[in-house]
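> Would you mind keeping the following structure in view while I ask a few things?
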2 protein chains.
Amino acid sequence: MAKGRGHLMDALPELDALMAAMPPAGAMRIRSVGADADTLRLHAPLAANLNDKGCAFGGSLASIMTLASWGWVVHRLAQAGQVADVFVADSQLRYLAPLYDDLAAEARLREDQDWPGILRCLAERGRARASLVACVRDAAGTPVATMEARYALIRPAAAATA
Amino acid sequence: MAKGRGHLMDALPELDALMAAMPPAGAMRIRSVGADADTLRLHAPLAANLNDKGCAFGGSLASIMTLASWGWVVHRLAQAGQVADVFVADSQLRYLAPLYDDLAAEARLREDQDWPGILRCLAERGRARASLVACVRDAAGTPVATMEARYALIRPAAAATA
């Protein structure tokens, strides 16, 4: 399991503060576990995310993967010293198996994406697009849901004209 | 607006009870508004579904569309006197515009689908698939998010062997 590799950072307080301030993310008790060079990891307890069948609600799986990918971009923008609103534009989800464990999500930039190029585009044009991939794993590490999604990065008008 | 057509039924108490028992749906305050011959409508207040930008969280839009489509199938199964667990299998979502209003979702069977055929398949084989389409509209009635999703209908083992 990646968790055991020992090179994860601690949870990300700024990201956790942003998520805790969103009522639905707060209710789902979604929080960061950490990030390494490429991956952001989030966690949420099953109890706060149950459906009618006693397993994880599909909307909660969609939410934590959407937030993990969004959080990856937000965290990397902060590291790069850039400011932008980050909106999900579209997503494709696959639900592979019911999940009876806590929700462990991870997200990363899609392999064909060029993060320095995305940052350049944002700096020059005030907006950019990024494609992310995310999954949720069960306690044994097996993926139970996957998502691929595009995000729009848009510099606030104030920042764009500053 | 469809709401004004006057042939909507009242909210659906059984469906609302199922959704209220799911912690994430309860926290998002998702409830039924009604159903007509083809469409199920759900509602959720913006305040319970805000993101960091003061508009509706993408995960909440995904959740209410996932529940509206799931609820359509659950409601129609009940009307047909059939019992099945209903799982979302995959979905494609498009986020068209930020939503600063309450969430008004609707779902219906995709046009090429044959509901009597789906019910026959479920009765004969114990499982079936159904494709649904859903959207969320703003207060002016303009779609701000759309979803197409496939659901698996699976008769519980007890019912299948009864």
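The values are calculated or read from the model by the stated rules, or taken from the named source; none is laboratory data. Owing to the predicted nature of the structure, the values given are computational and were not obtained by experimental measurement. Cβ placement follows ideal geometry from the backbone for every residue including glycine, while neighbour counts extend to all protein chains displayed. Side chains included, ligands, DNA and RNA excluded: accessible areas come from the protein's heavy atoms. Shrake-Rupley method; radii C 1.70, N 1.55, O 1.52, S 1.80 Å.
> Note down the nm distance, to one decimal, between modelled labels 7 Å out along Cα→Cβ at A:A139 and at A:C121.
Rounded to a tenth, the inter-label distance reads 4.2 nm.
> Between copies, how far apart are the A:D114 label points? List them in nm, one decimal, shortest first, with each point 7 Å from Cα toward Cβ, please?
From this label point to the equivalent ones elsewhere in the assembly: 5.0 nm.
> Looking at the P(r) of the protein assembly as shown, how many percent of alpha-carbon pairs lie beyond 32 Å?
Within the protein assembly as shown, distances greater than 32 Å cover 28 percent of Cα pairs.
> Can you list the distances in nanometres, one decimal and ascending, from the B:A80 label point to the identical position in each other copy, with the point 7 Å along Cα to Cβ?
4.9
> Kindly tabulate the residues in region B:18-66 with an accessible-area decrease of at least 50 Å² between the chain alone and the assembly of all protein chains, using a probe of 1.4 Å.
For region B:18-66, once contacts with the other chains are taken into account, B:M22, B:P23, B:P24, B:D52, B:K53, B:F57 lose 50 Å² or more.
> What list of ³J(HN,Hα) couplings, whole Hz, do you get for region B:74-86 from phi and the Karplus terms 6.51, -1.76, 1.60, once you set θ to phi - 60° and write x for glycine and proline?
4, 5, 6, 4, 4, 4, 8, x, 9, 10, 7, 7, 10
> Compute the distance from the alpha-carbon center of region A:53-111 to that of region B:27-54, in whole Å.
21 Å
> Report the label-to-label distance for A:K53 and B:A89 in nanometres (one decimal), using points 7 Å from each Cα along the Cα→Cβ vector.
1.2 nm
> When chain B is modelled as a GNM with alpha-carbon springs shorter than 10 Å, which of B:L61, B:L96, B:L12 fluctuates the most?
B:L96
> Quick check on chain A: what does the Kirkwood estimate of hydrodynamic radius come out to from the alpha carbon pairs, in Å?
Hydrodynamic radius (Kirkwood, Cα pairs) of chain A is 16.1 Å.
> Which one of A:P24, A:P116, A:P45 has the biggest mean-square fluctuation once chain A is modelled by GNM with Cα springs under 10 Å?
Of A:P24, A:P116, A:P45, the most mobile in the Gaussian network model is A:P116.
> Still on this structure, I have one more. Charges at C-beta only: +1 for Lys and Arg, -1 for Asp and Glu. How large is the resulting dipole of chain B about its Cα centre, in Debye rounded to 20?
With only Lys, Arg, Asp and Glu charged at Cβ, the dipole is about 220 debye.
> What's the buried accessible area, both sides, between A and B using a 1.4 Å probe, rounded to 100 Å²?
On the way: alone 8430 and 8430 Å², together 14330 Å².
That pair of chains buries around 2500 Å² in total.
> Report, in deg cm²/dmol and to the nearest 500, the calculated mean residue ellipticity at 222 nm for chain B, where each DSSP H run with n ≥ 4 adds -39500 (n - 2.57) and the sum is divided by the residue count.
-9500 deg cm²/dmol
> Quick one, what does Rg over Rh come out to for region A:73-162 if you take C-alpha atoms and the Kirkwood Rh?
Here Rg/Rh amounts to 1.08.
> Assume the label is 7 Å from Cα along Cα to beta carbon: what separations in nm does A:P156 have to the matching positions in the other copies?
With the label placed 7 Å along Cα→Cβ, A:P156 yields 5.1 nm.
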